[in-house]
Amino acid sequence: MSVENLITEHLDIWTSAIKTKSAAGRGSSKKLELVGVKKLRELILELAVRGKLVSQDINDEPASELLKKIETEKARLVKEGKIKRQKPIALIPDEEKPFVQPTGWEWEMFGNLCEIERGGSPRPINSYITEEENGLNWIKISDTEIGGKYITNTVEKIRPEGLKKTRQVYPGDFLLTNSMSFGRPYITKIEGCIHDGWLRISPPDSLDKDYLYSLLSSPYIVHSFRKSAAGAVVMNLNADKVRDTAIALPPLKEQHRIVAKVDELMALCDQLESQTESSIQAHQLLVETLLATLSKAKDADELFECWQRISQHFDLLFTTQASIDKLKQTILQLAVMGKLVKQDPNDEPAAKLLERIATEKQQLIKAGKIKKQKTLPPITGEEKPFELSTGWEWCALSELITVMDAGWSPACPPEPSPNEDVWGVLKTTAVQNMEFRAYENKTLPDNKEPKPQYEVKVGDILITRAGPKNRVGVSCLVQETRSRLMISDKLIRFHLINIGLSERFISLCLNAGATAEYLESAKSGMAESQMNISQDKLKSAPVPLCPLNEQIRIISKVDELMALCDSLKVRLNQAQITQLHFTDAIVEQKL
């Protein structure tokens, strides 16, 4: 089967093998990784360097003759003083060669073909940086483009006297990263200098540069480099390890044919990638549009009709992690807008509930169990985010709580407390959106006395008050925990008036709808890396309060629908794993 047929006959597998990309590291901000297309690209390069991408031509001058020309060229450069004479590297035994080379190909050690040298850094480098016109281009990894092939310019230059302590490179030289983005090749189109995070590879003129680029980008070479660098604490390629890599060299004319075929097939991969990304974007827009009809429903009856239409196409709509997450957020949004379940006219309205809450608070103040709190003005018509359903009322969070406090942050080692016999202090990462993680804690040192008044308890509602912007205002209800865990001073804790209010419903409000939007706007700080939200602002948060019985019905419906979303995610994960296995099987079969 030709590679073209391999692509076209398995289009559904190449384009549907997708997984969520890690957000960490330098690179694309796209959240999805098209694994199928990525594996297809790797397969193309692997077939290329194994001699399986194009057919061999018996009329081609064999690679053995090409090796003689390369040797003659190197001898001339040594004689002209342009390179140093190096001791030839012995070829690996036949039994250690990774595969049988095609007719006309030859095995050779990389160091016998190319000059390979490590860069160098004049130090301290800041004293060599210059903006003068006679400065030399200072090539850094940050001067490359993600997925790029060429280096065309640099941000910085160094003074000419720094040349003695670095390595000069010329247009046409290959640069190979020897750490960080490990083993990634680039071709420089400019003259400049490289630091010791680069290896310079100077290929002979008689070798096709584009073929060499494909070779260095292939899984075979990447695996060889990683195998050579294995065992080190930090993966690092030195020049000797690269020199000692065996490669199968095709005839020069076949190199040209391989390059042309690789370019053709990579263009096809680009097209597949573009079409798949466009399809994903269209799918996301469709999901958002349809879910918006739920949010715009006037009442539970209209919502039910919209939901019925959408539920008939679940298998087509909710096929990505993002679409299921969007569905979850829409469910929470509907819950706090009073649209998820029907109102019952027999329920005690929230206005009566607020009156009972106020009476209970006055009794607690009179009994000295809580302190008198500053009375906030009622939420007026203009301040109301939207009109609520019948029986609901807007109120400030402060109206519903008894106590609000923050914790204690002693200096602690980073290790978590191992068990309930050892006191720990919660980190802010213990609080996730509607999820509490008791294991995210630090051990209280033996020389510090615990403060039991800050111990976290079941029923506490926690919210992060300081940290990076995306970590401030995150809240959860503690439904299960272990003993001897204290909240830190970067966490705010509060309790609700004990007259049957649903902690889960209030926690839900903090994570969706108008209350969550208020918390986002209430954050303050000079930089996104360090922001905060005050207790006073938190107390002023608007909460859409519904009757007690409806709170229970809402939570029950949310649980039911979240279980449905979780089952969708399980099915999606299983399908994605299956697709990834399919791609692996196709690659293994072809190789």
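Count the lysine pairs in the stretch 412-556 that are 8 or more places apart or on different chains: how many have C-alpha atoms under 21 angstrom apart?
23
If you take the alpha carbon radius of gyration of the chain and divide it by 2.2 N^0.38 Å, what ratio comes out, to two decimals?
Details: Rg = 32.5 Å, N = 591, 2.2 N^0.38 = 24.9 Å.
Rounded to two decimals, the normalised Rg is 1.31.
Count charges around VAL456 for me, please; just the other residues with Cβ under 10 Å from its Cβ, Lys/Arg as +1, Asp/Glu as -1.
Summing Lys/Arg as +1 and Asp/Glu as -1 gives +2.
Taking every eigenvalue of the Cα gyration tensor of the stretch 415-561, multiplying by 5 and rooting it, what semi-axes result, largest first, whole Å?
On the way: eigenvalues 141, 81, 32 Å².
Taking √(5λ) for each Cα gyration eigenvalue gives 27, 20, 13 Å.
When only the heavy atoms of the protein chains count and the probe is 1.4 Å, how do SER55, SER567 rank by accessible area, highest first?
SER55, SER567
Just how large is the dipole of the chain about the Cα centre, in debye to the nearest 20, putting +1 at every Lys and Arg Cβ and -1 at every Asp and Glu Cβ?
1760
Mind listing which GluC sites (Glu not before Pro) in the stretch 40-87 are in a DSSP loop and have 10 or fewer other Cβ atoms within 10 Å?
On the way: sites: GLU42, GLU46, GLU65, GLU71, GLU73, GLU80; in loops: GLU80.
Qualifying residues, ordered by number: GLU80.
To the nearest 0.05, what FRET efficiency results for ARG76 and LEU32 with a Förster distance of 41 Å applied to their C-beta separation?
Once rounded, the FRET efficiency stands at 0.20.
Taking the Cα centre of the stretch 60-168 as origin, work out the dipole magnitude from +1 charges on Lys and Arg Cβ and -1 charges on Asp and Glu Cβ, in debye rounded to 20.
With only Lys, Arg, Asp and Glu charged at Cβ, the dipole is about 680 debye.
What residues of the stretch 440-483 lie in the reach of a label at ALA411, counting those whose backbone N is under 16 Å from a point 7 Å from the Cα along Cα→Cβ?
Flagged as within label range: 443-449.
Report the full-extension gain for the segment ALA90 to SER142: residue separation times 0.36 nm, less the Cα-Cα distance, to one decimal in nm. Don't skip to the answer; put the middle values down first.
Numbers: separation 52, 0.36 × 52 = 18.72 nm, distance 3.64 nm.
The span from ALA90 to SER142 would gain 15.1 nm if fully extended.
Can you list the aspartates and glutamates whose alpha carbon sits under 19 Å from that of LYS261, skipping same-chain ones fewer than 8 residues off?
Filter leaves GLU4, GLU9, GLU42, GLU46, ASP57, ASP60, ASP208, ASP210, ASP270, GLU273.
Tell me the GluC sites (Glu not before Pro) within the stretch 90-132 that lie in a loop according to DSSP and have at most 15 other beta-carbon atoms within 10 Å.
GLU131, GLU132
Just in the stretch 58-89: which trypsin sites (Lys or Arg not before Pro) are loop by DSSP and have at most 12 other Cβ atoms within 10 Å?
Details: sites: LYS68, LYS69, LYS74, ARG76, LYS79, LYS82, LYS84, ARG85; in loops: LYS82, LYS84, ARG85.
Counting only loop positions with at most 12 other Cβ atoms within 10 Å, the trypsin sites (Lys or Arg not before Pro) in the stretch 58-89 are LYS82, LYS84, ARG85.
With all pairs of different alpha carbon atoms counted, what Kirkwood hydrodynamic radius in Å does the stretch 268-351 show? Let's see the in-between values first.
On the way: mean 1/r = 0.0685 Å⁻¹.
Value: 14.6 Å, from the Cα pair sum.
Against the globular-protein guess of 2.2 N^0.38 Å, express the Cα radius of gyration of the stretch 84-152 as a ratio, rounded to two decimals.
Values: Rg = 19.7 Å, N = 69, 2.2 N^0.38 = 11.0 Å.
Cα-based Rg divided by the globular estimate yields 1.79.
Largest first, what is the accessible-area ranking of ASP325, ASP263 with a 1.4 Å probe?
Largest accessible area first, the list is ASP263, ASP325.
Could you give the nm distance between label points at GLU288 and LYS149, where each point is 7 Å from its Cα heading toward the beta carbon?
3.4
Going from most exposed to least, what order do ASP301, ASP315 have by accessible area with a 1.4 Å probe? Mind showing how you got there, number by number?
Values: ASP301 80, ASP315 105 Å².
In descending accessible area the options line up as ASP315, ASP301.
What distance in nm separates the two pseudo spin-label positions at LYS352 and GLN373, each 7 Å out from Cα along the beta-carbon direction?
2.4
What's the center-to-center distance, using Cα atoms, between the stretch 504-554 and the stretch 99-138 in Å?
First find each Cα centre; the distance between them is then 56 Å.
Which of the lysines could a cross-linker bridge to LYS298, judged by Cα under 28 Å and excluding same-chain residues fewer than eight apart?
LYS298 reaches LYS326, LYS328, LYS339, LYS342, LYS352, LYS384, LYS557.
Determine how large the accessible area of ASP208 is when every protein chain is in place; take a 1.4 Å probe and give Å² rounded to the nearest 10.
20
Let me have the 222 nm mean residue ellipticity of the chain computed from DSSP H runs of 4+ only, each contributing -39500 (n - 2.57), with the sum over all residues rounded to the nearest 500. Intermediate values should be presented prior to the final figure.
Numbers: 17 runs with 233 residues, N = 591.
Per the formula, -12500 deg cm²/dmol.
If the cut-off is 24 Å between C-alpha atoms, which lysines fall inside it for LYS157, apart from same-chain ones fewer than 8 positions away?
LYS140, LYS149, LYS165, LYS189
Over the stretch 222-374, what number does the Rg to Rh ratio reach, with both radii from the alpha-carbon atoms and Rh per Kirkwood?
1.36
Give me the number: length gained by fully extending GLU528 to SER556, i.e. 0.36 nm times residue separation minus the C-alpha to C-alpha distance, one decimal in nm.
Full-extension gain reported as 6.4 nm.
Above 25 angstrom, tally the Cα pairs of the stretch 355-488 and express them as a % of all pairs, no decimals.
42
The values are calculated or read from the model by the stated rules, or taken from the named source; none is laboratory data. In this text the structure is predicted, and so the values were computed from the model without any measurement. Glycine gets a Cβ as well: all are built from the backbone with ideal geometry, and neighbour counts include every protein chain shown. Ligands, DNA and RNA are excluded from the accessible area calculation, which covers all protein heavy atoms including side chains. Shrake-Rupley method; radii C 1.70, N 1.55, O 1.52, S 1.80 Å.
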